[in-house]
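As structure tokens, the structure follows; a few thoughts come after it.
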Amino acid sequence: MSNVSIVSRKIFDKHWTGGIHSKVKMNTHRIHRVAKLTGLSKDLVRVWERRYGLVKPLRSANRYREYTDEDVALLRFLREELDHGQTIGALALEGRDSLLQRMRASSIATTQDLQPHEHLLDELVSLLDPLDKSRFEQKLNGAVAVIPFEEAVHRILLPLQRRVGELWHEGRFNVATEHYVTKLIQQKLFSVMNQLPLNALGPPVLIACPEGEWHEIGAQAVAYIAAIRGCQVYYLGPNLPAPELLPFCERIKPDLVLLSLTEIRSDAAARRLLEELEQIATRWPVAIGGHGARVIEHLLQGGKIELLDDLDMLHNRLIALVTARMLAARG
Ligand code: B12
């Protein structure tokens, strides 16, 4: 096991077996749900645990096996590998760390496959007007709890933010309703991020929205994605003037500065922003992403600023950074 996964499991163990239940605990799943989520039988999952130890579930106070989201994802990955002709013996020899690396790298296709959960979104939106707080939160929490959190981000939380934002823009939801939902989504993303162990070996990555950009959820999703992949995330939120970033970068020496742009700017405004960012990019890698970044791609030519077109590109970029750091730490 890598240092990263040992640390993460130890901290997780502490939260779980020590009975310290924080308000939002990381998702864990009992074996019957794992069987449903992975398509593997309960018996097979237990046999693999005994023989190969690739997935060692935690134990709850009453000794039930408790599988983390990562365990579930790994079991799904093992099943796919077997479907492609691999043998479980060969996979066991490869080891958990290497399998996890390959699994993360192969999840590139998954963000595209993760379509919004439209029916659930319809139900959730109908509970917002008139607001039925307890049913809304019960439904949202229930839906988020039964699937791996990363899947919930793509299928439920981000689409919900878009829906509610659109309804506000159309004047069908008032500001209070929009703020209520936005804050709930933000709380969920941060709660899960706060449960992650600090990974001192991870690449430092700074994430923010530039000045004038108040749409924050894209940046928060990026922060979550970076944190879950083992980066040390410095999340600075919306509306951050680019010149303020320089001294901060000098302190933290980021492996990557990521900026989220949702709104479309005029070419003149975009040029001003890019000029400021170029100064940072002479010393640290800077990438921009989001809808407002894609439309100014033509202004990036000849400069040092990179465009990350979508979350799959982001995923690849982050995995490369994490891998480089891990290899450097091994010497
Ligand atoms: C939600 C929303 C809001 C919320 C914002 C809540 C918040 N605190 O973040 C509220 C209702 C408050 C809001 C307000 C405004 N909004 Co608004 N809003 C939206 C809406 C519906 C969704 C944007 C969003 O959050 N999407 C969720 C994210 C996660 O999805 P995404 O943007 O598609 O991003 C994906 C990728 O691009 C990627 N990504 C994002 N960032 C990054 C970064 C990197 C590095 C990478 C790799 C990837 C990446 O990740 C996401 C994953 O799928 C859009 C319309 C739409 N359907 O897109 C309008 C929209 C963006 N808003 C708009 C406007 C104009 C505003 C206001 C200025 C309106 C006003 N006059 O006050 C204000 C400004 C904000 C403020 N001052 O508060 C316009 C922008 C027009 C333009 N010029 O581009 C839009 C397009 C609506 C429209 N059709 O006119 N808004």
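A short reminder: the numbers here are calculations on the coordinates, not readings from a lab. Just so we're clear, the structure is a prediction, and the values are computed from it rather than from any experiment. No Cβ is skipped: glycine too gets one built from the backbone with ideal geometry, and neighbour counts run over all protein chains shown.
Compactness ratio for the chain: Cα radius of gyration over 2.2 N^0.38 Å (N = residue count) comes to 1.05.
In debye to the nearest 20, how big a dipole does the stretch 115-195 give about its Cα centre with +1 on each Lys and Arg Cβ and -1 on each Asp and Glu Cβ?
Working: 9 positive and 11 negative charges, 42 e Å.
Magnitude of the dipole: close to 200 debye.
Our helix-only sum for the chain, with -39,500 (n - 2.57) per DSSP H run of n ≥ 4 divided by its residues, gives a mean residue ellipticity at 222 nm of -18000 deg cm²/dmol.
Considering only 289, 246, 322, the residue lying farthest towards the positive end of the dipole of the stretch 204-330 is 322, judged by Cα position with unit charges set on Cβ. Computed about its Cα centre, the charge dipole of the chain is approximately 1780 debye, with only Lys, Arg, Asp and Glu carrying charge at their Cβ.
When you restrict to C-alpha pairs under 8 Å that are six or more residues apart and normalise by the size of the chain, the relative contact order lands at 14 percent. Axis of helix 42-52 versus longest Cα principal axis of the chain: the two differ by about 90°, to the nearest ten degrees. Ordering 158, 138, 194 by Cα displacement along the dipole of the stretch 115-195 toward the positive end leaves 194 in first place; charges were set at the Cβ atoms of Lys, Arg (+1) and Asp, Glu (-1). Relative to the dominant Cα principal axis of the chain, helix 242-252 is inclined by about 40°. When the Cα atoms of the stretch 247-300 are aligned to their principal axes, the ranges along those axes come out at 32, 18, 15 Å in descending order. Pairs exceeding 29 Å between alpha-carbon atoms, taken from 56/183; 36/188; 42/139; 183/253; 183/304; 36/56: 56/183; 183/253; 183/304.
Taking the longest Cα principal axis of the chain as reference, the axis of helix 3-17 is set at about 70 degrees. Rg then Dmax, both in Å and based on the Cα atoms of the stretch 204-330: 13.6, 47. With the cut-off at 1.5 for a/c, could you classify the stretch 99-209 from its C-alpha gyration tensor as rounded, prolate or oblate? Because a/c hits 1.5 or more and a/b exceeds b/c, the stretch 99-209 counts as prolate.
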